[in-house]
Amino acid sequence: MDNIAKNINQLIADGSVDIFIGYVKGNDNRAKAAFFNISDKVDNAIFDASCTQNLAVYLHKHEIKSFAKIGIFANYSTLRAIIQLANENQIKAEKYIIQTMNKDSQIITFANLTEVESYVQANRPAPAAAMIQKLDSLSKMDRDERWEFWSKELASCIKCYACRSACPMCYCSQCTTDCNQPQWIGVPAHGQGNFEWHIMRAMHLAGRCVACGECQRVCPMEIPLGLLNARLNIDIATNFGETAGMTLGADYALSSYKVDDKEHFIR
Ligand code: SF4
Ligand code: SF4
């Protein structure tokens, strides 16, 4: 897309950014992340329906953080992750030039995070019908059936941690699962250890997950991780009125306490 390349080239040439994170064509008609700081690479830049990766995952990497001025071409989920990362004090808005492309193929440059917030609120896509259907069928199962469902799904996890690497909201310098003094989570990929890993991860992301679907997309074992995240996101939204990455300055439900917090859903 010529206008995207022209736009990025311009930002690099006039010194507005030191590095620009965008997309180029990858294998199998999928886009992949690209890091532009030399103008002659930019001609390959694209932005279309294949650009599903959540690029916000790079914003908290030290290799990127070391740049003073960073540009990013963000899809919808990336914009939500940027808001959530700002709410969690992981990024400083003034370092970034944040852009997206609207439905009319116009490039939008956000002046500040308040504009990003307005955009995500005005353009929220409807939830995928297949996801709603699956969540519905899971909610109709009794506890034993759900246990069986998840035991079967999680049994195939090989603990490659690709889901963690792809997640824009997994940024701890040392993940609980890598801690071995004490060893909170067993290292081998076996039934109990897999449950421990996935319950720990799901709880850490409850109400923080921006529903980008990256964890599920990258899983080599095709485990439906999105169902776990979506279930917990629904519980947080229903019980605490919060949806990650939609409101600037929002509190994180699980780190704040009110005496009248509901508890009836804990069972
Ligand atoms: S990407 Fe899939 S297989 Fe790898 S750790 Fe995550 S759930 Fe397990
Ligand atoms: S948990 Fe999965 S869906 Fe949620 S923000 Fe992380 S990668 Fe995206």
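Laboratory data are not the source of any read-out in this text; all were calculated from the coordinates shown. The shown structure was predicted, so the numbers you read here are calculated from the model rather than taken from an experiment. No Cβ is skipped: glycine too gets one built from the backbone with ideal geometry, and neighbour counts run over all protein chains shown.
Tabulated data
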item	result
Stretchable slack from Val187 to Asp144, in nm (0.36 nm times residue separation minus alpha-carbon distance)	12.8 nm
Reachable aspartates and glutamates, given that their alpha-carbon falls under 15 Å from the alpha-carbon of Lys95 and they are not under 8 places away in the same chain	Asp18, Glu63
q = 0.12, 0.13 Å⁻¹: log10 I(q)/I(0) that the Debye formula gives for region 83-146, counting C-alpha atoms only	-0.54, -0.60
Residue order, fewest to most surrounding Cβ atoms within 10 angstrom, among Leu227, Leu55	Leu227, Leu55
Charge-dipole axis of region 13-169 as Lys and Arg at +1 and Asp and Glu at -1 on Cβ define it, positive-most pick from Met169, Cys51, Gln99	Met169
Kirkwood Rh and Cα Rg combined as Rg over Rh, evaluated for region 137-267	0.96
Cysteines (scope the chain) whose Cβ has no counterpart Cys Cβ under 4.7 Å	Cys51, Cys157, Cys160, Cys172, Cys175, Cys179, Cys209, Cys212, Cys219
Phi-based couplings in Hz for region 118-127 (Karplus 6.51, -1.76, 1.60; Gly and Pro marked x)	4, 5, 5, 5, 7, 10, 5, x, 5, x
Cα centroid separation, region 234-267 to region 1-66 (Å)	35 Å
Per-residue Cβ neighbour rank within 10 angstrom, fewest leading, Asp251, Asp144, Asp28	Asp28, Asp144, Asp251
In Å, descending, principal axis extents of the Cα set of region 21-111	35, 28, 23
For Met169, Met101, Met203, order by how many other beta-carbon atoms lie within 10 Å, fewest first	Met203, Met101, Met169
FRET efficiency for Asn123 and Ala93, using Cβ-Cβ distance with R0 set to 22 Å, rounded to 0.05	0.65
Given charges at beta-carbon only (K, R positive; D, E negative), |dipole| of the chain in Debye	240 debye
Asp136-Ser16 FRET efficiency (beta carbon distance; Förster radius 35 Å; 0.05 resolution)	0.15
Rg/Rg_ref, the chain, where Rg_ref = 2.2 N^0.38 Å and atoms are Cα	1.06
Net charge, Glu145 excluded, C-beta distance under 15 Å - Lys, Arg +1, Asp, Glu -1	+1
Rounded to the nearest 20 debye, dipole of region 2-122 from Cβ charges on Lys, Arg, Asp, Glu	260 debye
Reach of Lys258 by Cα under 19 Å, taken over aspartates and glutamates that are not fewer than 8 positions away in the same chain	Asp235, Glu242
Listed residue pairs exceeding 29 Å between alpha carbons, taken from Lys61/Lys159; Lys69/Lys159; Lys103/Lys140; Lys65/Lys152; Lys32/Lys65	Lys69/Lys159; Lys103/Lys140; Lys65/Lys152
Percent RCO, i.e. relative contact order, over the chain, from Cα pairs under 8 Å lying at least 6 residues apart	17 percent
Cα lying deepest toward the dipole's positive end in region 2-122, options Gln90, Ile21, Phe36, charges on Cβ	Gln90
Net +/- balance of residues flanking Asn229 in space, Cβ distance below 12 Å, scoring K and R +1, D and E -1	+1
